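Novice: Here you go, one structure.
The values are calculated or read from the model by the stated rules, or taken from the named source; none is laboratory data. Since the model is a prediction, treat every value here as computed from it, not as a measurement. No Cβ is skipped: glycine too gets one built from the backbone with ideal geometry, and neighbour counts run over all protein chains shown. Surface accessibility is based on the protein's heavy atoms, side chains included, excluding ligands, DNA and RNA. Shrake-Rupley method; radii C 1.70, N 1.55, O 1.52, S 1.80 Å.
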Amino acid sequence: MSLFVIAAAAGCGDRMDRFVERVDSAGVEIVRNTGGDRALRWRFEERVRIRDSLGGRWVAIAAQGQVGADVAGRIYVLDRPRARIAVFDSSGAYLRSLGGRGNGEGSLDTPVSLTVAPAGGVHVFDIGRTRLVEFSPEGQVVGVQVLPSEDWGWRLQGGPNGIVGVHHGDASDTNGTAPRVQRLKAIFSSDTLELAALSRPTATFTLSPCGITAAAEPLFSPRVVWDAFDEFVVVTAEVGYVLNWFSTFGLWRSVRRTVAIRRTNDSLAVDEVGGGMGLSTPGRPCFTDPSEEVRRRGFAPELPAVSGVSVAPDSSVWVVRGHFRAEPARIDVFTKGGAYRGTLPPGSPIPLGFTPAGDVLGVGVGEDSAGALIVYRIERRR
């Protein structure tokens, strides 16, 4: 993955200048976006609907790093239950699969994320074997990179010049009470950059009726939220609305937006848990009582302002604002210069990825599209 500094652009940001303040702080550009929400009159038209290669619903597409597309229109989908990558053409027709279980060079054990290069190569992170496997679009194995440490998170973004991902240090002690430190790292052939670090306390509680002990962080805790696309990495790891932009030279821009930080409470925490944490075991299900889980885990007093970040091919940055379980997501869009452009209409798809042409890859939520991967074309109305 090549990372290069992008110069601030004017363009559509000209009319928004009165809401943007830019200052330099020790070589880092601080971009402060003031003012309230501005509605973007964009529409999302379903272009392609993709179900799995057997015509069923995808069971594991729920996060970034699980879908991608190349300039030829091919769409790549992580098929975790089958330990492979399913490849489709631009119309949604199944072409082939990459990987699969086995002992060969290109076999996969537990693939958990993928990165698609615009030209069509795909890097697959196999957490079961702690390695990145690179495939050509036709399915040939191009290379295998064994990672220097085993304790990586479930999303690792790979490319020709390096990898970016969250590494978990300071594992919990035997009681599960010591904090776990999440560190977002970019590893290149000549250097390693730490882009963010966040200490996450854990609490233990019991899954009944089977008596299994589980550990988890307090509800609503900040987490490392990030995305990378070709030229730069965007990350936040705090409660406030702050997005830090990195290149191979380090931090070079920090984008902020003035939004009210929302308070949490016990009732909202119980709602967030829903039916409680569950675990499938042979013979009987294990689960937590929601109220007991909240009591044992606890919850942070404030809801983080940002819950998701996606970088589009045009270098615009899409930000999913923090929201409670029962609320629809609100998505802000920033220009590549860091200026707040506006907020998408309610019900807009949360991007799990983009095609090189700028179409959005998202998961259907309606009764007839639930579980399908949807390719949306964007109609940008003024």
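Novice: For residue 286, what residues show an amide H to amide H distance below 5 Å, using hydrogens built from the backbone and excluding near sequence neighbours?
Specialist: For residue 286, the qualifying residues are 279, 281.
Novice: Which value, in nm² and rounded to one decimal, describes the direction-averaged projected area of the C-alpha convex hull of the range 294-382? Before the final figure, lay out each step's value.
Specialist: Details: hull surface 31.2 nm².
The number I arrive at for the range 294-382 is 7.8 nm².
Novice: Could you give me the ³J(HN,Hα) list for the range 109-125, computed from phi with Karplus coefficients 6.51, -1.76, 1.60 and θ = phi - 60°, whole Hz, x at Gly and Pro?
Specialist: 9, 9, x, 10, 7, 9, 9, 9, 7, x, 6, x, x, 10, 9, 10, 8
Novice: Considering only the other residues whose Cβ falls under 11 Å of the Cβ of residue 268, what net charge follows from Lys and Arg at +1 and Asp and Glu at -1? If you can, show how the numbers build up before the last one.
Specialist: Numbers: positive: 262, 263, 325; negative: 266, 271, 272, 327.
Residues close to residue 268 contribute a combined charge of -1.
Novice: Something else about it: Once phi is turned into ³J(HN,Hα) by the Karplus curve 6.51 cos²θ - 1.76 cosθ + 1.60 with θ = phi - 60°, what whole-Hz value does each residue of the range 68-83 show in order, with x for glycine and proline?
Specialist: Result, rounded to whole Hz: x, 8, 10, 5, 7, x, 5, 10, 10, 10, 6, 10, 4, x, 9, 6.
Novice: Okay, next question. Using 1/(1 + (r/R0)^6) with R0 = 35 angstrom and r between the beta carbons of residue 242 and residue 271, what's the FRET efficiency to the nearest 0.05? Walk me through the numbers before you get to the answer.
Specialist: Working: r = 27 Å, r/R0 = 0.77.
Efficiency for this residue pair is about 0.85.
Novice: May I pose another question? Can you list the residues, at least 5 places off or on another chain, whose amide H is less than 5 Å from the amide H of residue 101, using H built in the peptide plane?
Specialist: Hits under the 5 Å cutoff: 108.
Novice: Run a plain Debye calculation on the range 295-339 (Cα atoms as equal point scatterers, no solvent) and give log10 I(q)/I(0) at q = 0.21, 0.31 Å⁻¹, rounded to two decimals, same order as the q list.
Specialist: -0.75, -1.09
Novice: Could you tally the net charge around residue 107, taking each other residue with its Cβ under 13 Å from the Cβ of residue 107, Lys/Arg +1 and Asp/Glu -1?
Specialist: Details: positive: 82, 84, 101, 129, 131; negative: 105, 109, 126.
Here the charged neighbours net out to +2.
Novice: Ranked by accessible surface with a 1.4 Å probe, highest first, in what order do 110, 258 come? Don't jump to the answer; show the numbers that get you there.
Specialist: Numbers: 110 50, 258 95 Å².
Ranked list, largest accessible area first: 258, 110.
Novice: Would you compute, for the Cα atoms of the range 212-251, the largest minus smallest coordinate along each principal axis and list the three values in descending order, in whole Å?
Specialist: 45, 23, 14
Novice: Apply the Karplus curve 6.51 cos²θ - 1.76 cosθ + 1.60, θ = phi - 60°, to the phi angles in the range 306-323 and return the couplings in whole Hz, x for Gly and Pro.
Specialist: Once rounded to whole Hz, the list reads 10, 10, x, 9, 9, 9, 7, x, 8, 6, 6, 10, 9, 10, 8, 6, x, 8.
Novice: Let me ask something else about it. When Lys and Arg each count +1 and Asp and Glu each count -1, what net charge do the other residues less than 10 Å away from residue 326, Cβ to Cβ, add up to? Mind dumping the intermediate values first?
Specialist: On the way: positive: 325; negative: 271, 272, 327.
Result for the local shell: -2.
Novice: Within the range 60-145, report the GluC sites (Glu not before Pro) that DSSP leaves as loop and that have at most 10 other Cβ atoms within 10 Å.
Specialist: Details: sites: 105, 134, 138; in loops: 105, 138.
Taking the range 60-145 and a limit of 10 other Cβ atoms within 10 Å, the loop GluC sites (Glu not before Pro) found are 105, 138.
Novice: How big is the shadow of the Cα convex hull of the range 89-167, averaged over all directions, in nm²? Could you put the intermediate results ahead of the total?
Specialist: Numbers: hull surface 21.8 nm².
Over every viewing direction, the Cα hull of the range 89-167 projects on average to 5.5 nm².
Novice: Taking every pair of distinct Cα atoms and averaging 1/r, then inverting, what Kirkwood hydrodynamic radius in Å comes out for the range 231-382?
Specialist: Details: mean 1/r = 0.0559 Å⁻¹.
By the Kirkwood definition, the hydrodynamic radius is 17.9 Å.
Novice: Further, regarding this structure: Amide H neighbours of residue 29 under 5 Å, at least 5 residues apart or on other chains, H built in the peptide plane: list them.
Specialist: Long-range HN contacts for residue 29: 253, 254.
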